[in-house]
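*Asks:* Once you've had a glance at the structure underneath, I'll fire off some questions.
The values are calculated or read from the model by the stated rules, or taken from the named source; none is laboratory data. Since the model is a prediction, treat every value here as computed from it, not as a measurement. Every residue, glycine among them, receives a Cβ derived from its backbone with ideal geometry; neighbour counts consider all protein chains shown.
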Amino acid sequence: MFGKGLVKGMQITFKEFWSPKATIQYPEHQNPIPDRYHGRFTLDVDKCIACGMCANACPNKVISLQKQKVGTKQYLTNYVMKIYYCLFCGLCVESCPKDALHFSKVINMNQYHFSDIPLVLVQREAPAVTAESEVAASKTSDKEGE
Ligand code: SF4
Ligand code: SF4
(Lines give C-alpha, C1' and ligand atoms only; values in the text may rest on other atoms or scores of the structure.)
(Ligands and ions follow the chains in the order given, each with its own letter.)
Protein backbone atom coordinates (compact mmCIF):
# COMPACT_ATOMS: atom_id res chain seq x y z
CA MET A 1 0.00 0.00 0.00
CA PHE A 2 1.31 3.47 -0.89
CA GLY A 3 2.35 5.43 2.23
CA LYS A 4 2.46 2.39 4.53
CA GLY A 5 6.03 3.15 5.57
CA LEU A 6 5.13 6.75 6.35
CA VAL A 7 2.26 5.72 8.63
CA LYS A 8 4.48 3.23 10.42
CA GLY A 9 7.16 5.90 10.93
CA MET A 10 4.62 8.40 12.29
CA GLN A 11 3.28 5.77 14.70
CA ILE A 12 6.76 5.36 16.17
CA THR A 13 7.22 9.14 16.32
CA PHE A 14 3.97 9.65 18.27
CA LYS A 15 4.74 6.75 20.60
CA GLU A 16 8.19 8.19 21.44
CA PHE A 17 6.77 11.74 21.75
CA TRP A 18 4.63 10.73 24.75
CA SER A 19 7.13 8.34 26.39
CA PRO A 20 9.25 9.53 29.39
CA LYS A 21 12.32 11.57 28.33
CA ALA A 22 15.83 10.23 29.01
CA THR A 23 17.55 13.58 28.42
CA ILE A 24 17.84 16.34 31.03
CA GLN A 25 18.55 20.07 30.85
CA TYR A 26 22.28 20.26 31.72
CA PRO A 27 23.75 22.16 33.59
CA GLU A 28 20.57 23.19 35.47
CA HIS A 29 19.85 19.52 36.16
CA GLN A 30 22.40 16.75 36.55
CA ASN A 31 22.16 13.00 36.86
CA PRO A 32 23.51 11.65 40.18
CA ILE A 33 27.22 10.79 39.95
CA PRO A 34 28.17 7.29 41.18
CA ASP A 35 30.46 7.02 44.21
CA ARG A 36 33.20 5.32 42.20
CA TYR A 37 33.16 7.88 39.39
CA HIS A 38 36.59 8.84 38.00
CA GLY A 39 36.51 12.63 38.03
CA ARG A 40 39.09 15.32 38.81
CA PHE A 41 42.01 14.11 40.95
CA THR A 42 42.59 15.19 44.54
CA LEU A 43 45.84 14.73 46.42
CA ASP A 44 46.18 14.63 50.20
CA VAL A 45 49.58 16.30 50.50
CA ASP A 46 49.90 15.42 54.18
CA LYS A 47 49.74 11.71 53.35
CA CYS A 48 51.95 11.84 50.24
CA ILE A 49 55.54 10.68 50.78
CA ALA A 50 56.71 11.67 47.28
CA CYS A 51 57.63 8.07 46.46
CA GLY A 52 56.70 8.45 42.77
CA MET A 53 54.89 5.11 42.51
CA CYS A 54 51.84 6.79 40.96
CA ALA A 55 54.04 8.36 38.25
CA ASN A 56 55.70 5.00 37.55
CA ALA A 57 52.34 3.22 37.31
CA CYS A 58 50.95 5.65 34.75
CA PRO A 59 51.03 4.22 31.20
CA ASN A 60 50.82 7.66 29.59
CA LYS A 61 53.41 9.52 31.71
CA VAL A 62 50.76 11.97 32.88
CA ILE A 63 52.23 12.60 36.32
CA SER A 64 55.38 14.55 37.02
CA LEU A 65 56.52 15.34 40.52
CA GLN A 66 59.45 17.04 42.17
CA LYS A 67 60.66 16.54 45.70
CA GLN A 68 63.32 17.88 48.01
CA LYS A 69 64.99 16.28 50.96
CA VAL A 70 64.09 18.06 54.20
CA GLY A 71 65.81 16.57 57.21
CA THR A 72 65.34 12.84 56.88
CA LYS A 73 62.18 13.00 54.78
CA GLN A 74 61.27 13.71 51.18
CA TYR A 75 59.12 16.80 50.78
CA LEU A 76 56.81 17.08 47.78
CA THR A 77 57.33 20.48 46.14
CA ASN A 78 55.58 20.04 42.81
CA TYR A 79 52.91 17.64 41.52
CA VAL A 80 51.49 18.24 38.05
CA MET A 81 49.24 16.05 35.91
CA LYS A 82 49.06 16.51 32.14
CA ILE A 83 45.40 15.67 32.32
CA TYR A 84 44.90 15.82 28.55
CA TYR A 85 46.85 12.54 28.24
CA CYS A 86 44.96 10.85 31.08
CA LEU A 87 42.90 7.70 30.44
CA PHE A 88 41.23 7.88 33.87
CA CYS A 89 42.20 4.22 34.24
CA GLY A 90 42.92 4.58 37.96
CA LEU A 91 46.28 2.75 37.99
CA CYS A 92 47.92 5.70 39.76
CA VAL A 93 45.25 5.78 42.48
CA GLU A 94 45.52 2.03 43.03
CA SER A 95 49.32 2.10 43.19
CA CYS A 96 49.56 4.75 45.92
CA PRO A 97 50.79 3.07 49.12
CA LYS A 98 49.56 5.92 51.33
CA ASP A 99 46.05 6.31 49.88
CA ALA A 100 46.89 9.94 49.11
CA LEU A 101 45.61 10.14 45.54
CA HIS A 102 41.89 9.96 44.81
CA PHE A 103 39.27 10.62 42.19
CA SER A 104 36.57 13.15 42.99
CA LYS A 105 33.13 13.55 41.46
CA VAL A 106 34.09 16.81 39.74
CA ILE A 107 33.39 16.35 36.04
CA ASN A 108 33.98 19.86 34.79
CA MET A 109 37.67 20.23 33.94
CA ASN A 110 37.44 22.38 30.82
CA GLN A 111 39.66 25.45 30.49
CA TYR A 112 39.73 28.35 28.10
CA HIS A 113 43.53 28.39 27.61
CA PHE A 114 45.53 25.25 26.85
CA SER A 115 48.20 26.31 29.36
CA ASP A 116 45.60 26.10 32.16
CA ILE A 117 44.68 22.47 31.46
CA PRO A 118 47.51 20.72 33.38
CA LEU A 119 46.31 19.91 36.86
CA VAL A 120 48.69 21.49 39.38
CA LEU A 121 47.95 19.67 42.63
CA VAL A 122 51.01 20.87 44.54
CA GLN A 123 53.33 23.81 43.96
CA ARG A 124 55.20 24.97 47.02
CA GLU A 125 58.62 25.67 48.45
CA ALA A 126 60.30 23.21 50.77
CA PRO A 127 60.69 24.54 54.33
CA ALA A 128 64.15 25.60 55.42
CA VAL A 129 65.89 22.98 57.54
CA THR A 130 67.20 24.28 60.83
CA ALA A 131 69.64 22.49 63.10
CA GLU A 132 66.86 22.03 65.72
CA SER A 133 64.51 20.41 63.22
CA GLU A 134 67.30 18.05 62.10
CA VAL A 135 67.85 16.97 65.72
CA ALA A 136 64.10 16.55 66.30
CA ALA A 137 63.78 14.47 63.12
CA SER A 138 66.70 12.22 64.05
CA LYS A 139 65.25 11.72 67.58
CA THR A 140 61.90 10.73 66.06
CA SER A 141 63.54 8.25 63.69
CA ASP A 142 65.60 6.83 66.63
CA LYS A 143 62.40 6.30 68.62
CA GLU A 144 60.70 4.65 65.66
CA GLY A 145 63.68 2.32 65.30
CA GLU A 146 63.54 1.16 68.96
S1 SF4 B 1 44.31 7.56 35.62
FE2 SF4 B 1 45.69 6.26 34.38
S3 SF4 B 1 46.35 7.56 32.69
FE4 SF4 B 1 45.46 8.91 34.24
S5 SF4 B 1 47.21 9.60 35.49
FE6 SF4 B 1 46.36 7.79 36.49
S7 SF4 B 1 47.52 6.04 35.67
FE8 SF4 B 1 47.87 7.80 34.30
S1 SF4 C 1 52.14 7.08 45.04
FE2 SF4 C 1 50.96 8.24 46.57
S3 SF4 C 1 52.48 8.72 48.15
FE4 SF4 C 1 53.65 8.13 46.30
S5 SF4 C 1 54.04 10.08 45.21
FE6 SF4 C 1 52.13 9.24 44.38
S7 SF4 C 1 50.49 10.20 45.61
FE8 SF4 C 1 52.40 10.47 46.74
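*Asks:* Which numbered condition trips up Arg36, out of (1) away from ligand 2 (no atom under 14 Å from the Cβ); (2) in a loop (DSSP other than H, G, I, E, B); (3) surrounded by 13 or more Cβ atoms within 10 Å (Cβ to Cβ)?
*Replies:* Against the list (1) away from ligand 2 (no atom under 14 Å from the Cβ); (2) in a loop (DSSP other than H, G, I, E, B); (3) surrounded by 13 or more Cβ atoms within 10 Å (Cβ to Cβ), Arg36 comes up short only on (3).
*Asks:* Which residue pairs have Cβ atoms under 6 Å apart, sit 6 or more places apart or on different chains, and have a first residue in the stretch 61-87 that is modelled with pLDDT under 95 and a second that is more than 14 Å from ligand 2 (Cβ to nearest atom) and assigned to a helix (DSSP H, G or I)?
*Replies:* Listed pairs, sorted by first residue: Gly71/Ser133; Gly71/Glu134; Gly71/Ala137; Thr72/Ala137; Thr72/Ser141.
*Asks:* Please work out which one of (1) more than 11 Å from ligand 2 (Cβ to nearest atom); (2) among the β-branched types (Val, Ile, Thr); (3) in contact with a Phe, Trp or Tyr (Cβ under 8 Å, 6 or more places away or on another chain) is the condition Val93 fails and give its number.
*Replies:* (1) is the only condition that Val93 fails.
*Asks:* What number goes with the only condition from (1) at pLDDT 95 or above; (2) within 15 Å of ligand 1 (Cβ to nearest atom) that Met109 does not pass?
*Replies:* Of (1) at pLDDT 95 or above; (2) within 15 Å of ligand 1 (Cβ to nearest atom), only one is false for Met109: (1).
*Asks:* OK, next. If the requirement is being more than 7 Å from ligand 1 (Cβ to nearest atom) and under 18 Å from Pro118 (Cα atoms), which of these qualifies: Thr72, Thr42?
*Replies:* Every option except Thr42 fails the conditions.
*Asks:* Let me ask something else about it. Scan the stretch 39-51 and tell me whether some residue there is small (Gly, Ala, Ser) and either more than 9 Å from ligand 2 (Cβ to nearest atom) or exposed (fewer than 10 other Cβ atoms within 10 Å of the Cβ) (or both).
*Replies:* yes
*Asks:* Now a separate question. Kindly indicate the residue of the stretch 60-87 that is under 15 Å from the mean Cα position of the chain (by Cα) and surrounded by fewer than 15 Cβ atoms within 10 Å (Cβ to Cβ) and also nearest to ligand 2 (Cβ to nearest atom) among those meeting that condition.
*Replies:* Ser64
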